[in-house]
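Below is one structure, written out as structure tokens; the observations come after it.
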There are 2 protein chains.
Amino acid sequence: MSRRSQGSVPDLVERARAGDPRAVARLISLVEDASPLLREVMAALAPHTGHAHVIGITGSPGVGKSTCTSALVTELRREGKRVGVLAVDPSSPFSGGALLGDRVRMQDHALDRDVYIRSMASRGHLGGLAWTTPQALRVLDAAGCDVVLVETVGVGQSEVEIAGLADTTLVLMAPGMGDGIQAAKAGILEIGDLYVVNKADRDGADQVRKDLRSMLALSDLAEGSWKPPIVKTVAAKSEGIDELAAEIARHHDWLESSGELAARRTRRARDEVEAIAVTALRERWGDVHGRSELDDLAAAVAAGETDPYTAADELLDAYAD
Amino acid sequence: MSRRSQGSVPDLVERARAGDPRAVARLISLVEDASPLLREVMAALAPHTGHAHVIGITGSPGVGKSTCTSALVTELRREGKRVGVLAVDPSSPFSGGALLGDRVRMQDHALDRDVYIRSMASRGHLGGLAWTTPQALRVLDAAGCDVVLVETVGVGQSEVEIAGLADTTLVLMAPGMGDGIQAAKAGILEIGDLYVVNKADRDGADQVRKDLRSMLALSDLAEGSWKPPIVKTVAAKSEGIDELAAEIARHHDWLESSGELAARRTRRARDEVEAIAVTALRERWGDVHGRSELDDLAAAVAAGETDPYTAADELLDAYAD
């Protein structure tokens, strides 16, 4: 058994595609650990990718992201779809562990073979989501998920990053969170494809929607572009989730018909290829033949003997051969 | 007049070194605008850098960073030092403007020729502080500042980034801010060289210090390493600021005697050189001879025709010649 659960890469990929959750788990672990096998894994997965609709879910802590994600999973399962959930904790690059982890409601789906749920910490990765998440998405995509929900704890830049990863970005708000100015500050009004006013049975929900509508109205929309709808939900009671799922489907249709789906995915692949190339270069710069050209140049810059631009030129010249 | 205020680069650098605030302002604007002149500016500044003690000041909104910065400026001026202040707003990469800007207390120093104060938005720059701030620091350093205070609005990753820039990092806290768990989450307990419990005349200040002390005690310290002190201040009344300045000076002495100052500055230069080299490469990848190799590769990855690692290899090979 344990021998089989290790498995070769082709075997793991085959089993993941057949829906074996342990194979999927193992492949995502290889991503998280930045395994040397990743090159082989990604090459084996590539022909099977491009099917899943990736939906990013973001918003401040307390707006009900996990509850909403869980309710959406239920709705998507009702439609017969295979669903993946990545819950990303952009925890400290230093502390080495996710402080948040109570995704209790997700346990509703724990026994469903057609729902794959995974928490990931983005710790240690420059740019947070930039590195591990797209590769974990590839695993779930190749494993046959129709939809992958990426839920992120809304802290700092992560809301903006998720928009780069997703085909469709949901921004959640709730009454009494003072979200308006926060949203403006975080640039969140420019990333949402759909806005969700959750906890809509509470006082102030209509005001949140009104504020949101007037803030969104300020941005000019070109002819034929997508006008982000605002959906009211009470995720804890599954209210409004059917309408939300319908709006998500409508956005997917628009993405396909407008050509924006291909454009977004090419942009996402571009960022990913660039990040991998830059990381490879950094490794080369950092340690070649036991010494580091970069360290020598940095010492010269720190001593005022040269400037950073000249040093960067020398670094690039040194590796152009 | 206007002709002179434009000035050639050598002229601008000469005037900045003589303490002309308009020349300093113009050079920092060149940094903010990513001017093509920057290469020449940085080459001219390099021989005059390495003198200033760079102090980073971070903490959650509301702990009194601006007040504390202003009180420190007063104290440092009393010691006859030339002081630069960079107030960095890591505002949205999208909104294009800093929403925070009320640095009213700084006006106390507005007429002092030996204090140079500048607000900078880190908008639009990948990695926030990573790009513009080190170059603005070079300007202030070469312009003869003995100390440069870099104050950042504590949002997301900026606390961690500032620690990479500064020789000495101050982390501010205040009673009633619920800072403990926030600090642990933000990784802030691993970046402070000095901790400041500001608003220490309020209830709960001793508790904040006690909590902080026990959290700091958890981290193991090697022999001869710096043990971060905790200083209580009431910055609005200038209480404790003399002790804070003394601890900052003590940290500077330790940095020099331990060799850590040179190590930190080499590390900072390393990050800066690397960032410039990566940016230059990205520009090459993005647009060469009117077409983009990277775009073609990204489209192939998005279509599942290749995987991102193979594409990254091809990208690097294409520019190795």
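The values are calculated or read from the model by the stated rules, or taken from the named source; none is laboratory data. Not measured: the values here are computed from a predicted model. Positions of Cβ are backbone-derived with ideal geometry, glycine not excepted, and every protein chain shown enters the neighbour counts. Heavy atoms of the whole protein, side chains included, go into the accessibility calculation; ligands, DNA and RNA do not. Shrake-Rupley method; radii C 1.70, N 1.55, O 1.52, S 1.80 Å.
Distances between copies at A:D146, taken between label points 7 Å from Cα along the C-beta direction, are 7.1 nm in increasing order. Candidates A:Y309, A:A280, A:A299 compared by Cα position along the dipole of the stretch A:272-318: farthest toward the positive end lies A:A280, with charges placed on Cβ. Between copies, the label points at A:R77 (set 7 angstrom from Cα along Cα-to-Cβ) are spaced 6.6 nm, reported in nanometres from shortest to longest.
With its label point put 7 Å out from Cα toward Cβ, A:E14 sits 7.7 nm from the same residue's point in the other copies, in order from shortest. The aspartates and glutamates whose alpha-carbon is closer than 13 Å to the alpha-carbon of A:K81, local same-chain residues fewer than 8 away aside, are A:D112, A:D114, A:D141, A:D146. By accessible area, using a 1.4 Å probe on protein heavy atoms only, the stretch B:1-47 has 53% of its surface on carbon and sulfur. Of all aspartates and glutamates in the structure, those lying under 13 Å Cα to Cα from A:K227, and not within fewer than 8 positions of it along the same chain, are A:E190, A:D193, A:E247. Put simply, chains A and B cover up around 5100 Å² of each other's accessible surface, both sides summed, when a 1.4 Å probe is used.
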